[in-house]
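Novice: Got a structure for you, written out below as structure tokens; questions coming shortly.
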Amino acid sequence: MTGPTALPAWTDRVTGCLLGGALGDAVGRPFEGSAPVPAPAVKEVLAGGELTWTDDTVMMLTLAEHLAGLPSWQAFDEGALARAHARAWQAEPWRGYGASPPAIFRTVLAGADWEAAAAGLFGGDGSLGNGAAMRAAPPCGSCSRPSRRSLAWPS
């Protein structure tokens, strides 16, 4: 099958977006918060063997799984997604989460509403990090495709 809506081509494209994001995250992890990085330093990381992704990839994959499991966009449940993010953090807290997400996740796991838990952070203006950019691929991948279930990514 060919074309943008054919199942193999579409899932390959979505998988490529997720893998590309995870790879970029893992390659960039050693340089997070650094000034611009010279190319030789990146080459050294690539030659060094195993790469490790961060919380940004975990949250990207958690969002992809959540969206893939929805029967429709109308079923989107922000609270369920917040709980899924909290459980992912609980399973791998060492992935590089800053101080704020774990505070929210602990509160959510204790049964609090995610919006109330997050409201006081950054003056109510949202995150100051780049994680949102990492989570752009899953919503795009879940639009105009043949099957939401085909997008699930095992974490």
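Novice: Going by average Cβ neighbours within 10 Å, how do the peptides 67-76, 35-44, 51-60 rank, with the highest at the top? Numbers along the way, then the final one.
Specialist: Numbers: 67-76: 12.1, 35-44: 9.4, 51-60: 21.4.
Ranking the peptides 67-76, 35-44, 51-60 by packing returns 51-60, 67-76, 35-44.
Novice: Let me spell out the model: positive unit charges on the Cβ of Lys and Arg, negative unit charges on the Cβ of Asp and Glu, origin at the Cα centre of the range 1-82. What dipole size does that give, in debye rounded to 20? Working shown, then result.
Specialist: Numbers: 3 positive and 10 negative charges, 61 e Å.
I would put it at about 300 debye.
Novice: What shape does the range 1-107 have by the C-alpha gyration tensor, where a ≥ b ≥ c are the square roots of the eigenvalues, rounded means a/c under 1.5, and otherwise prolate means a/b greater than b/c and oblate the rest? Can you show the working numbers first?
Specialist: Working: a/c = 2.86, a/b = 1.17, b/c = 2.45.
Since a/c reaches 1.5 but b/c is at least a/b, the shape of the range 1-107 is classed as oblate.
Novice: Assuming R0 = 22 Å, what is the FRET efficiency of Glu50 and Ala9, from their Cβ-Cβ distance, to the nearest 0.05?
Specialist: Values: r = 31 Å, r/R0 = 1.39.
In this case the efficiency is close to 0.10.
Since every read-out is calculated from the coordinates, none of them should be taken as a lab result. All of these numbers come straight from a predicted model, not from anything done at the bench. In this analysis, Cβ positions are derived from the backbone assuming ideal geometry, glycine residues included, and neighbour counts consider all displayed protein chains.
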